[in-house]
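Here's the structure we're looking at; comments come further down.
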Amino acid sequence: MPLAAVADLAGSGHKQAGAFRTISEVAEDLDVPQHVLRFWETRFGQIRPMKRAGGRRYYRPEDVELIAGIRHLLHVQRYTIKGAQRVLKENGVRFVQAVGRGEAVAAAPSLQEVEAEVPAGIPAERAALIAALRELRACRAALAALRLPPEPAEG
């Protein structure tokens, strides 16, 4: 694809749906810091943006969908990196892309995975409270993701 496809449409400030996105655009669109996107590239080999001169990253629409799915698994469903990698391995890239588009839902992380996140040496009661708090935060995030802006009034 020519580099012109990466540029904004003439004066509109918006890109075509199939246009490549820079790391700053993806970071802004998905509300994820750029350094986190770079880190995820090291942990999820399936994220492979095109790199141009000077190491500039250009993300294809499929990359953005995959990142959105990974973000959902990690931030909304509260999977660990290992857990999200397992979902990718077991269900494939297309499934995680569908999660990113809101067309599919991954099963909740296992209790063992949630318990593995609790530091050792914490009493069982406190560990249960920590796990419950994480679950409540995941529920709150899931509800927030379901909220849609109101439809504009036609007139």
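The values are calculated or read from the model by the stated rules, or taken from the named source; none is laboratory data. Every value quoted in this text rests on a predicted model; they were computed, and no experiment measured them. We place every Cβ from the backbone using ideal geometry, glycine too, and count neighbours over all the protein chains shown.
Residues of the range 47-64 being crowded, with 19+ Cβ neighbours inside 10 Å and either in contact with a Gly (Cβ under 6 Å, 6 or more places away or on another chain) or under 16 Å from Gly100 (Cβ atoms) (or both), which ones? Steps first, please.
Residues of the range 47-64 that are crowded, with 19+ Cβ neighbours inside 10 Å, as a first pass: 47, 49, 57-59, 63-64.
Once the filter is applied, which keeps residues that are crowded, with 19+ Cβ neighbours inside 10 Å and either in contact with a Gly (Cβ under 6 Å, 6 or more places away or on another chain) or under 16 Å from Gly100 (Cβ atoms) (or both), the range 47-64 yields Ile47, Pro49, Tyr59, Asp63, Val64.
Taking the stated definitions as given, is Gly69 over 17 Å from Leu30 (Cα atoms) and not in a loop (DSSP other than H, G, I, E, B)?
Details: over 17 Å from Leu30 (Cα atoms): no; not in a loop (DSSP other than H, G, I, E, B): yes.
Taking the combined requirement at face value, the residue does not satisfy it.
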Number of positions in the range 22-46 that are aliphatic (A, V, I, L, M), out of contact with any strand residue (DSSP E or B) (no Cβ under 9 Å at 6 or more places or on another chain) and part of a helix (DSSP H, G or I): 3
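Assess whether Ile81 counts as being touching a residue at least 12 places away in the same chain (Cβ under 8 Å), among the hydrophobic types (A, V, I, L, M, F, W, C) and surrounded by fewer than 15 Cβ atoms within 10 Å (Cβ to Cβ).
Numbers: touching a residue at least 12 places away in the same chain (Cβ under 8 Å): yes; among the hydrophobic types (A, V, I, L, M, F, W, C): yes; surrounded by fewer than 15 Cβ atoms within 10 Å (Cβ to Cβ): yes.
Criteria met by Ile81.
Modelled with pLDDT under 90, under 16 Å from the mean Cα position of the chain (by Cα) and at positive phi - does that describe any residue in the range 2-18?
Narrowing the range 2-18 to residues modelled with pLDDT under 90: 2-18.
Checking which are under 16 Å from the mean Cα position of the chain (by Cα) leaves us with none.
Scanning the range 2-18 turns up no residue that is modelled with pLDDT under 90, under 16 Å from the mean Cα position of the chain (by Cα) and at positive phi.
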